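Accompanying notes for the structure given below.
Only the coordinates and a few stated rules stand behind these numbers; no lab work does. Please read all numbers here as calculations on a predicted model, not as lab measurements. In this analysis, Cβ positions are derived from the backbone assuming ideal geometry, glycine residues included, and neighbour counts consider all displayed protein chains.
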Amino acid sequence: MLFSLISTTKKVLDKTEIESVIIPTMQGEIQVLPNHLPVLGVTQPGILRIQYIGREVSYALWAGIYEVDEAGVRVIADMVDSWEMINEETIAKKKEEAREFMKQAQKDGLHSSEEYLAAEEEILKQTALEQLAKRR
């Protein structure tokens, strides 16, 4: 089955032959195997797992969409990072900064501001990277 993985800034994989892929979605994980029924959905921050013959490769994935049809599987996401790009100290620092900002925003009554929501998203993004780091 052909698979394409594209971030909003670059192609990561393009029409690569794979055995299966596990995609984090809003309803939970979905495993796509050859001859899967057509489906279109929304991804959730988490780990995308690609199964090649004899090996698995994982990526941290952020918000996006996925499409399965007779031509294969395509995942397009805002963020796609491989484990080589991960720095655990940076992850912890960014999560702590976002938490501190959110705590102060709540005290100031700004828990529904754009900045507060962006901080929540940053925590989700960093958590996805953290999950990928733990899979090494």
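Here the calculated FRET efficiency for ILE65 and LEU117, from their Cβ-Cβ distance with R0 = 25 Å, stands at 0.80, rounded to the nearest 0.05.
With R₀ set to 22 Å, the beta-carbon distance separating VAL39 from GLU17 gives a calculated FRET efficiency near 0.65. Ignoring lysines fewer than eight residues from LYS134 along the same chain, the ones with Cα atoms less than 19 angstrom from its Cα are LYS93, LYS94, LYS95, LYS125.
I need the shape label for region 25-136. Rule: rounded when a/c is under 1.5, else prolate if a/b > b/c, else oblate, with a, b, c from the alpha carbon gyration tensor. Oblate is the answer for region 25-136, as a/c is 1.5 or above yet b/c matches or exceeds a/b. How many angstrom separate the Cα center of region 14-82 from the Cα center of region 88-122? Centre-to-centre (Cα) distance: 29 Å. Stokes-Einstein diffusion for region 39-78, with the hydrodynamic radius set to the Kirkwood value over Cα pairs and evaluated at 10 °C in a medium of 1.306 mPa s, equals 145 µm²/s. Normalised radius of gyration (Cα atoms, divided by 2.2 N^0.38 Å) for region 56-106: 1.62. Quick one: angle between helix 88-107 and the longest Cα principal axis of the chain, in degrees between 0 and 90, rounded to 10, please. Compared with the principal axis, the helix lies near 50 degrees.
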